[in-house]
1. Based on what the data block shows, is MET108 more than 25 Å from TRP28 (Cα to Cα) and open to solvent by 70 Å² or more (accessible area, probe 1.4 Å)?
2. Here is a list: LEU82, LEU103, LEU127. Which entry is modelled with pLDDT of 95 or more, surrounded by 15 or more Cβ atoms within 10 Å (Cβ to Cβ) and over 22 Å from ARG43 (Cβ atoms)?
3. What single numbered condition from (1) open to solvent by less than 40 Å² (accessible area, probe 1.4 Å); (2) more than 13 Å from the chain's Cα centre (by Cα); (3) over 14 Å from VAL85 (Cα atoms) fails to hold for MET39?
4. Consider only pairs whose beta carbons are under 7 Å apart and that are at least six residues apart or on different chains; among these, list those whose first residue lies in segment 23-34 and is over 22 Å from ILE130 (Cβ atoms) and whose second residue is hydrophobic (A, V, I, L, M, F, W, C) and at pLDDT 95 or above.
5. For residues that are in contact with a Leu (Cβ under 9 Å, 6 or more places away or on another chain) and free of Cβ contacts under 8 Å to residues at least 60 places away in the same chain, scanning just segment 130-145, find the one that is least open to solvent (accessible area, probe 1.4 Å).
6. Enumerate the pairs (first residue in segment 72-89 and closer than 9 Å to GLY58 by Cα; second residue anywhere and at pLDDT below 95 and open to solvent by 50 Å² or more (accessible area, probe 1.4 Å)) with beta-carbon separation below 9 Å, excluding pairs fewer than 6 apart on the same chain, so at least 6 apart or on different chains.
7. Could you go through segment 46-67 and let me know if any residue there is open to solvent by 50 Å² or more (accessible area, probe 1.4 Å) and over 21 Å from ALA10 (Cβ atoms).
8. Kindly indicate which of LYS5, LYS46 is in contact (Cβ under 8 Å) with a residue 60 or more places away in the chain and of a type in the set (Lys, Arg).
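The values are calculated or read from the model by the stated rules, or taken from the named source; none is laboratory data. Model, not experiment: these values are computed from the prediction. Here the Cβ is made from the backbone with ideal geometry for all residues, glycine too, and neighbour counts use every protein chain on show. Remember, those area values only see protein heavy atoms, side chains included, never the ligands or the DNA or RNA. Shrake-Rupley method; radii C 1.70, N 1.55, O 1.52, S 1.80 Å.
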Amino acid sequence: MKMKKALSIALTLYFILGLALVVHENSWFSFSKNALSDMGSLRNPKGWMFNVFIIGLGLLGLVTSLMLKRKILTLSMAFLVLVGVFPEEKPLHTPSAILTYILAFTDMVIYGGIWRVVGIGTFMVMLFLINLKVGLAIPELIGAASILAYILYLGERA
């Protein structure tokens, strides 16, 4: 049981520290003008850093969600790996990114309780912000924070 909690905490720390490092290395990046995946672009000489970070995040997420026995969340994390494997210019990038979020929110809805509200609510907020054209990074981070909170909750209760 302690392993599940440790994995969920490690996943969250990896996300926070990894993203901070990648953003630091891409001084041109703007949360209000870019998508996170812009940092992994084939045109960016440091794009490999973001893509390796996302692949690592997805792999750690896969292990964590398998330990937590959440099949749909595990599938979500598999698609997250693909987000890093396929930079934003590649055709499979966007569907992989969208499926990462949709499947994670679906897992929340299926879990039920307050997580049903969080999953649907976060998805609606993300769509609203995307419609406002605030840049994709802000809605992406809101979605990621919600997913990480869910994983931390699952790890804590395990």
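1. Working: more than 25 Å from TRP28 (Cα to Cα): yes; open to solvent by 70 Å² or more (accessible area, probe 1.4 Å): no.
The answer is no for MET108.
2. Working: LEU82 fails: over 22 Å from ARG43 (Cβ atoms); LEU127 fails: surrounded by 15 or more Cβ atoms within 10 Å (Cβ to Cβ).
Result: LEU103 is the single residue among LEU82, LEU103, LEU127 that is modelled with pLDDT of 95 or more, surrounded by 15 or more Cβ atoms within 10 Å (Cβ to Cβ) and over 22 Å from ARG43 (Cβ atoms).
3. With respect to (1) open to solvent by less than 40 Å² (accessible area, probe 1.4 Å); (2) more than 13 Å from the chain's Cα centre (by Cα); (3) over 14 Å from VAL85 (Cα atoms), MET39 is out only on (3).
4. Within 7 Å, the pairs are GLU25/MET49.
5. So, considering only residues that are in contact with a Leu (Cβ under 9 Å, 6 or more places away or on another chain) and free of Cβ contacts under 8 Å to residues at least 60 places away in the same chain, the one least open to solvent (accessible area, probe 1.4 Å) is PRO139.
6. Every condition considered, no pair remains.
7. Yes - at least one qualifying residue is present in segment 46-67.
8. On the way: LYS46 fails: in contact (Cβ under 8 Å) with a residue 60 or more places away in the chain.
Testing whether each residue is in contact (Cβ under 8 Å) with a residue 60 or more places away in the chain and of a type in the set (Lys, Arg) leaves just LYS5.
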